[in-house]
Amino acid sequence: MKSKFSPDKNGYFGQFGGAFIPELLYPNVKELEDNYIQIIESDEFQTEYKSLLKDYVGRPTPLYLAKRLSEKYGAHIYLKREDLNHTGAHKVNNTVGQILIAKKLGKTKIIAETGAGQHGVATATVCALMGLDCTVFMGEKDIERQAPNVARMKMLGAKVVPATSGSKTLKDATNEAIRYWIQNPETFYLIGSVVGPHPHPDMVARLQAIISEEMKWQLKEKTGKENPDTIIACVGGGSNAAGAFYHYMDDEDVELIAVEAAGLGVNSGESAATSQLGEVGIIHGSKTILMQDEYGQIVEPYSISAGLDYPGVGPLHAFLYESKRAIFMNATDKEALTAAYELTKIEGIIPALETAHALAVLPKMDLKKDQVVVINLSGRGDKDLETYIEHLDK
Ligand SMILES: *Cc1c(COP(=O)(O)O)cnc(C)c1O
């Protein structure tokens, strides 16, 4: 699908994107760039990818009309149930696709970065499935706060390497992964979001696009129309949002809402609301919007949710923001917690903390009675139970 939101041949979405990489990585990135579209569009890939998504991941994920949530907010609210995927989030759509691409390119060693541990688990899972060697870089602080996912990765046979620099979170894990990649360019860097040098953002968006591909026929079946009025998704790097928006980006009648984490408040100094606080710069090989100080040093982001605790957004999202195609909203830790308890109580679904940020904008919106809203329920909350229990009585 060629869209005005597809990257140009150099990997730019408007002024954002590109591949700012050291010389040593060039052959590896070029090899991927020369092959990824052809591989993804081949019948062989599509057959294997779709078959794994169906029988291994459990797709299509349901599109569920949340009746009590709809009543409460006075609109037709559908939840795209990515939380029901194997491994508990949308991330596996991407890792299943990339592992097939890695195999096609003859790669046997996989590296990845992870924040909440979800991408690490999704990567370790597909490496186990394919019998490939897996190393996951993870911030030391995230290793502490996401212990169950660390245990899962180890059980799945992955090596978990702590990143001990900076804030010891996701951006530092990404730095470590890129550093290792430079020293070991024969490895396949299985990136976890629509970030990094071209072609990674476009490749990951294409692999997550299955979300909106299914939404189209599911909405048609349920409402008679392929297009909803509004789609809401949370944004860390932006992969679940990219997948939920993908097949609707050129349909200007569909309102796209991206929700960032405001932490303790957008202007509190403890936030990850990148579009509000960021400026144009280069992070992890890509020109995008990122949080930086007057010297161009990255400002440490903060969110209660490890998956949204990232100082940048992918270049596609920077372009959606700048071109005003998507509306960028945000939710604080507190608003996200409230939204998570609410969904749990009235629908019996415990969402991931990341996802709770998307739910948290419902009270801030001016919804109309007939408005069809799809919220991308990016993941389930099992991994966040400790945080939820801790804040239950507050
Ligand atoms: C990782 C994660 C996110 C954030 O990543 P994106 O690339 O922005 O989608 C959101 N929700 C869940 C459940 C996650 O695990």
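Remarks
- For the stretch 83-100, putting each phi into the Karplus relation 6.51 cos²θ - 1.76 cosθ + 1.60 with θ = phi - 60° gives couplings of 5, 8, 4, 3, 6, x, 7, 5, 4, 5, 4, 6, 5, 4, x, 5, 5, 5 Hz, in residue order, rounded to whole numbers and with x for Gly and Pro.
- Cα gyration tensor shape of the chain, rounded if a/c is under 1.5, else prolate or oblate by comparing a/b with b/c: rounded
- Simple spin-label estimate for GLU294 and ASP253 in nanometres, 7 Å along Cα-Cβ: 5.0 nm
- Taking 15 Å as the cut-off, the amide N atoms of the stretch 6-49 that come nearer than this to a point 7 Å along the Cα-to-beta-carbon line of SER165 belong to 22.
- Amide H partners (placed H, <5 Å) of LYS159, local residues excluded: CYS134, THR135, VAL136
- Residues of the stretch 301-318 falling in the label zone of HIS391, defined by backbone nitrogen less than 20 Å from a point 7 Å along Cα to beta-carbon, are 301-311.
- Each part gets one Cα centre, and for the stretch 189-219 versus the stretch 114-158 those centres are 20 Å apart.
- Charge tally around SER167: other residues with Cβ under 11 Å, Lys/Arg +1 each, Asp/Glu -1 each, net -2.
- Label-to-label distance for SER268 and ASP133 is 4.4 nm, based on points extended 7 Å past Cα in the beta-carbon direction.
- Once the chain from GLU213 to LYS2 is taken as fully extended at 0.36 nm per residue, the excess over their C-alpha distance is 74.5 nm.
- Debye, to nearest 20: dipole size of the chain, +1 on Lys, Arg Cβ, -1 on Asp, Glu Cβ: 760 debye
- Separation of the alpha carbons by more than 27 angstrom is noted, of LYS30/LYS104; LYS54/LYS220; LYS2/LYS104; LYS107/LYS168, for LYS107/LYS168.
- The largest accessible area among SER323, SER271 belongs to the first residue in SER323, SER271, and the rest follow in falling order (1.4 Å probe, all chains).
- Three-way shape call for the stretch 72-193 based on the alpha-carbon gyration tensor, with the a/c threshold at 1.5: oblate
- Between amide H atoms placed 1.01 Å from N, distances below 5 Å from VAL313 occur with ILE289, all of them 5 or more places distant or on a separate chain.
- Where a label projected 7 Å from the Cα of GLN15 along Cα→Cβ would reach, residues of the stretch 273-306 with amide N under 13 Å: 279-282, 287-290
- GLY263 long-range amide H proximity, modeled H, under 5 Å: ALA272, ILE304, ASP333
- Cα shape, the stretch 290-371, gyration tensor, a/c 1.5 rule: oblate
- Heavy atoms of LYS220: accessible area, 1.4 Å probe, square angstrom to 10: 110 Å²
- LEU105-LYS220 pseudo-label distance in nm [points 7 Å out on the Cα-to-Cβ vector]: 3.4 nm
- In Å², nearest 10: area of ARG59 left accessible to a 1.4 Å probe: 20 Å²
- For the chain, relative contact order (Cα pairs under 8 Å, six or more residues apart, normalised by length) works out to 20 percent.
- In Hz, Karplus ³J(HN,Hα) per residue of the stretch 139-153 (6.51, -1.76, 1.60; θ = phi - 60°; x = Gly, Pro): x, 4, 5, 5, 4, 5, 7, 10, 3, x, 5, 5, 4, 4, 4
- Greater than 30 Å apart at Cα, pairs in LYS225/LYS364; LYS72/LYS171; LYS225/LYS287; LYS91/LYS324; LYS4/LYS225: LYS72/LYS171; LYS225/LYS287
- Using just its DSSP H runs of length 4 or more, each adding -39500 (n - 2.57), the chain gives a mean residue ellipticity at 222 nm of -12000 deg cm²/dmol after division by all residues.
- When THR230, THR87 are compared by accessible area at a 1.4 angstrom probe, the order from most to least is THR87, THR230.
The values are calculated or read from the model by the stated rules, or taken from the named source; none is laboratory data. Only a predicted model underlies this, so the values are computations on that prediction, with no experimental measurement involved. Every residue, glycine among them, receives a Cβ derived from its backbone with ideal geometry; neighbour counts consider all protein chains shown. What goes into the accessible areas is simple: the full protein's heavy atoms, side chains included, and nothing from ligands, DNA or RNA. Shrake-Rupley method; radii C 1.70, N 1.55, O 1.52, S 1.80 Å.
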